[in-house]
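Student: Have a look at the structure that comes next, please.
The values are calculated or read from the model by the stated rules, or taken from the named source; none is laboratory data. It should be emphasised that the depicted structure is a prediction, and the values quoted were computed from it without experimental measurement. Don't worry about glycine lacking a Cβ; one is built from the backbone with ideal geometry, like all the others, and counts go over all protein chains shown.
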Amino acid sequence: MQTDSPPLAQFAIAKKLLEWYDRHHRELPWRVSPAMARRGVTADPYHVWLSEVMLQQTTVQAVKPYFAKFLDLWPTVNDLADAPSEAVMTAWAGLGYYARARNLKKCAEAVARLHGGSFPQTEDGLKSLPGIGDYTAAAVAAIAFNVKAAVMDGNIERVVSRLYAIDTPLPAAKPLIRGRVAEITPEDRPGDFAQAMMDLGATICTPKRPACALCPFREDCLALAGHDPETFPVKAAKKAKPVRLGAAFVAIDDTDSIFLRRRQEEGLLGGMTEVPTTGWTARIDGETSTEAAPFPAPWQAEGAIVHVFTHFELRLSVYSAHVERRERDDGWWRAVANLDQEALPTVMKKVIAQAIPDAFKSRRQG
DNA sequence: AAATCGGGGGG
DNA sequence: CCCCCAGATTT
């Protein structure tokens, strides 16, 4: 089936979008204004790359404080390359998808030591770096280097699938959508075009109840012409989330410190800090639940926490005990008041807070 | 193509 | 409660 729009109409799409962007763009810490972009000014590649990695499957609001913290700690890619990995993981703690932090450090090292501190300016060059895939390579090339790259993320998939009423289910529709994006991406201001498409998806062409009356594409959108924009994009059905069970152990010594371990580098929460736990499929029967504790102690049940990961739900029974401090080679002790210096993922903060309710309050009482 | 990999906000 | 978010990597 041949449904290609004429080139003039494709150009008109970009023109409408950029005019909308000039009036409605969002101010974001890693952006240059459209006024500057029109004069050929491009954003700092380090800022663009850092923000794009943080924004992978992560909302703008969640990223903002982390972006500021990272720039404060490491103002340049060379500073990040020289930083201790533990410091990077600690700064990333809470943002999720921790492989991003490990790859961020590797990528900074590669840029600093193999590319003289400058990012590659082509999609292929960028994509060869750790943690940079199709999306991030295209986004950095377009936004930081003014390359006419076809940028495609979740927002753009939604906008384009509606604009052309593409009813092929995702992810099979991705090559189709990418072709459409390549068609409508302009030579001039490709970075602003990509950011405008994402702004449009975030503010107008939303997953539910899109504000079609305000959309610059309202006269072009085939889904709107069919009266059912909300039914796009079509997605494959997803599977149910299994439940895993386990127990976690918070040992507290007489200096108000708790015993911590480091998780293995690969896999779930790789390289992050944890309190000792059983395996996460173990069945807890109350009688034998403390057999997998790191050491014998008067373990006391403190209830349970629930944490939902991407592909399973975790229910951890929490136990605590006051113990005499003994140094061990499989972990270390850390004062509860200084837990912000640890790379603690959110599930572990939940566990510790369950055992020590005021552990993460700024003003703790003795 | 499917699975793995966090966490939070909005409807 | 469900859905989705400026996805990448491995199997």
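Student: Can you pull out every residue in the range A:159-178 that is within 15 Å of DNA strand B (Cβ to nearest atom) and part of a helix (DSSP H, G or I)?
Tutor: Looking only at the range A:159-178, we keep the residues that are within 15 Å of DNA strand B (Cβ to nearest atom), and these are A:168-178.
If the condition is that a residue be within 15 Å of DNA strand B (Cβ to nearest atom) and part of a helix (DSSP H, G or I), then A:K174, A:P175, A:L176, A:I177, A:R178 are the ones that fit.
Student: Between residues in the range A:84-106 that are of a type in the set (D, E) and residues that are away from DNA strand C (no atom under 12 Å from the Cβ), which pairs lie under 7 Å by C-beta distance while being six or more apart or on different chains?
Tutor: A:E86/A:A343
Student: Confirm whether A:A37 is in contact (Cβ under 8 Å) with a residue 40 or more places away in the chain and either surrounded by fewer than 15 Cβ atoms within 10 Å (Cβ to Cβ) or farther than 19 Å from A:E109 by Cα (or both).
Tutor: Numbers: in contact (Cβ under 8 Å) with a residue 40 or more places away in the chain: yes; either surrounded by fewer than 15 Cβ atoms within 10 Å (Cβ to Cβ) or farther than 19 Å from A:E109 by Cα (or both): yes.
Yes; evaluated as a whole, the condition is true for this residue.
Student: Look at A:G96 and say whether it is more than 15 Å from DNA strand C (Cβ to nearest atom) and either in a loop (DSSP other than H, G, I, E, B) or closer than 20 Å to A:A194 by Cβ (or both).
Tutor: Judged against the criteria, A:G96 is not a match.
Student: While we're on this one: Across the range A:226-241, which residue is farthest from DNA strand B (Cβ to nearest atom) among those that are in contact (Cβ under 8 Å) with a residue 24 or more places away in the chain and more than 23 Å from the chain's Cα centre (by Cα)?
Tutor: A:G226
Student: Out of curiosity, is A:L224 modelled with pLDDT of 95 or more, outside the structural domain of A:G303 (by TED's automatic domain parsing) and crowded, with 16+ Cβ neighbours inside 10 Å?
Tutor: So A:L224 passes the test.
Student: Also, I was wondering about something else. Just to be sure, is A:L80 away from DNA strand C (no atom under 14 Å from the Cβ) and surrounded by fewer than 16 Cβ atoms within 10 Å (Cβ to Cβ)?
Tutor: Here the answer is no, as A:L80 does not meet what is asked.
Student: While we're here: Name, by its number, the condition in (1) closer than 27 Å to A:R102 by Cβ; (2) under 26 Å from the mean Cα position of the chain (by Cα); (3) surrounded by 13 or more Cβ atoms within 10 Å (Cβ to Cβ) that does not hold for A:R315.
Tutor: The single condition A:R315 does not satisfy is (1).
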